[in-house]
1. Give the number of residues within region 202-244 that are among the polar types (S, T, N, Q) and surrounded by fewer than 23 Cβ atoms within 10 Å (Cβ to Cβ).
2. Given 197, 181, which one is surrounded by fewer than 22 Cβ atoms within 10 Å (Cβ to Cβ), within 12 Å of the chain's Cα centre (by Cα) and under 30 Å from residue 21 (Cβ atoms)?
3. Looking at region 23-41, which of its residues are more than 9 Å from the ligand (Cβ to nearest atom), surrounded by 15 or more Cβ atoms within 10 Å (Cβ to Cβ) and not in a loop (DSSP other than H, G, I, E, B)?
4. What tally of residues in region 42-71 results from selecting those that are near the ligand (Cβ under 8 Å from one of its atoms) and under 17 Å from residue 5 (Cβ atoms)?
5. Do we find a residue being in contact (Cβ under 8 Å) with a residue 60 or more places away in the chain, closer than 28 Å to residue 104 by Cα and assigned to a strand (DSSP E or B) anywhere in region 222-235?
6. Does at least one position in region 35-44 carry a residue that is out of contact with any Ser or Thr (no Cβ under 7 Å at 6 or more places or on another chain) and either closer than 25 Å to residue 232 by Cβ or assigned by TED's automatic domain parsing to the domain that holds residue 254 (or both)?
7. Could you pull out every one of the helices (runs of 4 or more DSSP H) wholly within region 256-331 that has 3 or more residues that are at pLDDT 85 or above?
8. How many residues, within region 112-132, are surrounded by 15 or more Cβ atoms within 10 Å (Cβ to Cβ) and out of contact with any Asp or Glu (no Cβ under 6 Å at 6 or more places or on another chain)?
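The values are calculated or read from the model by the stated rules, or taken from the named source; none is laboratory data. Note that this is a predicted model, so its numbers are computed, not measured. Quick reminder, even Gly has a Cβ in these numbers, built from the backbone with ideal geometry, and neighbours come from all protein chains shown.
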Amino acid sequence: MTELTLADLDTYDPRPQIHGGGERRYSCPLPGCRDKPRDRAHQCFCVNTNTGLYHCQRCRESGRLREFWTKTQPAPSTAARRAHLRRQFDMKPERDPDTPPILHADRIGVPVADSETAVAYLKRRGIPEHLATEAGLRFTHMREGQPAVLFPMRNENGSYIAAHARSIVDDRKKTRGPKKVCVFATPAAFNAHVLAVTEAPIDALSLALAGLPTIALIGTIAPPWLRRHVFSRRVLIATDADDAGEAAALTIGKELTAFGAQVHRLRPPDECKDWNDALVTLGYLAVRSFLESHDVEFIHPMAGHDIWDEYDPDDYQLSIDRVRRGESVRL
Ligand SMILES: [Zn+2]
């Protein structure tokens, strides 16, 4: 393991970028990046000063700063320490008063329940009206006139400043607003101890229906802020079962693992290309029992990590009612 301290980083690059959640970004001092200039544009070495965990986005090296290395885990305080750390990494779904929304994605069109067309379309995709309503879905028309379901997207502060519209009559999709810093989230996903990550919002709703709070990236790239909120959380990477989905699972999994997430690959069942496909072809009960019985695999277990228990799929207590009430689902 590379021995690296915060002092080493400050010496190598005295002007790091300071971000929320204790995150700093330095020029990367590791061998794979040594030949790069030490300037703003090359500060891709992210370190969390609360946990000591680091990850370089260029050379993909990750680890923990030396001052955070521990010999043994003090057993009695584990739960308290974990709860304390979790609070530090809680996402805040309330609005940030300093950032006025550019796009009021939660006010475009009308609530989805007001449109029979939209409700019928979602029903064909296996998504009941109550879940769509609780997830904030809207009904609108696209610029070209097609009726569409609109999925509001939130930034790190919980502001609905982007929106993803999906046509009901053809395959057209359109995203407006700063989608790179936004995600679509099902009820409770922002604060859940275990959450899944999908590409499409319809896949996120399909998993939420089975009791798993889920964030949809609308694509395969996670917003940079996501890593600040995954410490000690279980993150199930539920991207599509195709080359792009597998590649994204590895990239996202490696990055989130470096920032303290316990990451697993949650691949759609055989013959299903994504989780909505699974819901539509296999049915809700099959998806639910698949999740309950699936022996999820580690995709990037971090060598020497000592603060998480092994994942036990038998502990997987899914609770739709609690998701509906917007509460966290605990393992
Ligand atoms: Zn590097």
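1. Kept after step one, since they are among the polar types (S, T, N, Q), are these residues of region 202-244: 206, 214, 220, 232, 239.
From what is left, the residues that are surrounded by fewer than 23 Cβ atoms within 10 Å (Cβ to Cβ) are 220, 232.
Number of matching residues: 2.
2. Details: 197 fails: surrounded by fewer than 22 Cβ atoms within 10 Å (Cβ to Cβ).
When all the criteria are applied, what remains is 181.
3. Quick first cut of region 23-41, residues more than 9 Å from the ligand (Cβ to nearest atom) only: 23-26, 35, 37-41.
With surrounded by 15 or more Cβ atoms within 10 Å (Cβ to Cβ) added as a condition, the list becomes 23-26, 38.
Residues satisfying the conditions are 23, 24, 25, 26.
4. Residues flagged as near the ligand (Cβ under 8 Å from one of its atoms) and under 17 Å from residue 5 (Cβ atoms) within region 42-71 amount to 3.
5. No, region 222-235 contains no residue that is in contact (Cβ under 8 Å) with a residue 60 or more places away in the chain, closer than 28 Å to residue 104 by Cα and assigned to a strand (DSSP E or B).
6. yes
7. Numbers: elements: 275-282, 284-293, 320-324.
Qualifying helices (runs of 4 or more DSSP H): 275-282.
8. Residues that pass the stated criteria total 11.
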